Amino acid sequence: LDQILIKLRSIFPSSNVHAISAIDGIGTESLVKELSSFLPESPPLYSSDALSDRPMRFFASEIIRGKLFTNTNKEIPYSSEVIMNSFHEKKNIIVLSATIIVMRESQKGIVIGKGGVMIKQIGCEAREELERFFGKRIHLDMNVDFKKDWRKNSTKLKEYGYFN
């Protein structure tokens, strides 16, 4: 290690070289201190009570998506998406409409389930978690749509928020 440090210091004589181990946490404190000295001071970008820079629609879609995965186990790959069609917050209730997008027609049947049992289960569990998260009653309307190979379609990826 000493030979490597000597070599690096000869290549970059005007820079400080830090030997660190992120796994063991060795040397990281001095590296962070030095890097911090290069960062400009600025006022906070968000208020101190802001939980995230993501909109509430994002959290709602992720909660629904999580329930989709836990209820369908490995039958539905992680290549599904939940699109929030509407998010209307009222005094005592939030009214949500969401579409679960899958890549294959057969996956649509799995998500809906026989007689709608699976989509009902996903919806009930999602609504309960959404109510805990938002601290309000939730009215959740969900449907399922099939978009063939949407992950390979740049227009769909942009529409679903993967690109700006």
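The values are calculated or read from the model by the stated rules, or taken from the named source; none is laboratory data. Bear in mind the structure is a predicted one, so any value in this text is a computation, not a measurement. Here the Cβ is made from the backbone with ideal geometry for all residues, glycine too, and neighbour counts use every protein chain on show. With ligands, DNA and RNA removed, areas are computed over all heavy atoms of the protein, side chains included. Shrake-Rupley method; radii C 1.70, N 1.55, O 1.52, S 1.80 Å.
Checking each residue in the range 125-149 for being more than 26 Å from Gly115 (Cα to Cα) and within 18 Å of the chain's Cα centre (by Cα) picks out Phe133, Phe134. For Glu34, are the conditions met, namely being assigned to a helix (DSSP H, G or I), charged (D, E, K, R) and over 24 Å from the mean Cα position of the chain (by Cα)? When the stated conditions are applied, Glu34 passes them.
Looking at this structure, is Lys147 of a type in the set (Lys, Arg) and in contact (Cβ under 8 Å) with a residue 40 or more places away in the chain? I'd like the intermediate steps shown before the answer.
Numbers: of a type in the set (Lys, Arg): yes; in contact (Cβ under 8 Å) with a residue 40 or more places away in the chain: yes.
Yes.
Tell me whether the range 75-83 contains one or more residues that are more than 25 Å from the chain's Cα centre (by Cα) and surrounded by 14 or more Cβ atoms within 10 Å (Cβ to Cβ). Within the range 75-83 (the criterion being more than 25 Å from the chain's Cα centre (by Cα) and surrounded by 14 or more Cβ atoms within 10 Å (Cβ to Cβ)), the answer is no, since none of the residues qualifies. For the residues Phe87, Phe58, Phe38, Phe12, the requirement of being among the aromatic types (Phe, Trp, Tyr), in contact with a helix residue (DSSP H, G or I) (Cβ under 7 Å, 6 or more places away or on another chain) and farther than 18 Å from Cys124 by Cβ singles out Phe87.
Of all residues in the range 141-151, those satisfying the criterion of being open to solvent by less than 60 Å² (accessible area, probe 1.4 Å), of a type outside the set (Val, Ile, Thr) and under 14 Å from Leu68 (Cα atoms) are Met142, Asp145.
Among the residues of the range 57-64, some residue qualifies, meaning at least one is surrounded by 15 or more Cβ atoms within 10 Å (Cβ to Cβ) and within 14 Å of Met118 (Cβ to Cβ).
Got at least one residue in the range 38-56 being in contact (Cβ under 8 Å) with a residue 60 or more places away in the chain, within 30 Å of Phe134 (Cα to Cα), hydrophobic (A, V, I, L, M, F, W, C) and surrounded by 13 or more Cβ atoms within 10 Å (Cβ to Cβ)?
From the range 38-56, those in contact (Cβ under 8 Å) with a residue 60 or more places away in the chain are 56; that's our starting set.
Those still in the list that are within 30 Å of Phe134 (Cα to Cα) too: 56.
Subset that is hydrophobic (A, V, I, L, M, F, W, C): 56.
Now narrow it down to the ones that are surrounded by 13 or more Cβ atoms within 10 Å (Cβ to Cβ): 56.
Yes, the range 38-56 contains at least one residue that is in contact (Cβ under 8 Å) with a residue 60 or more places away in the chain, within 30 Å of Phe134 (Cα to Cα), hydrophobic (A, V, I, L, M, F, W, C) and surrounded by 13 or more Cβ atoms within 10 Å (Cβ to Cβ).
Among residues of the range 123-138 that are surrounded by 14 or more Cβ atoms within 10 Å (Cβ to Cβ), those with a beta-carbon under 7 Å from a residue that is outside any loop (DSSP other than H, G, I, E, B) and of a type in the set (Gly, Ala, Ser) at least six positions away or on a different chain give the pairs Leu130/Ala60.
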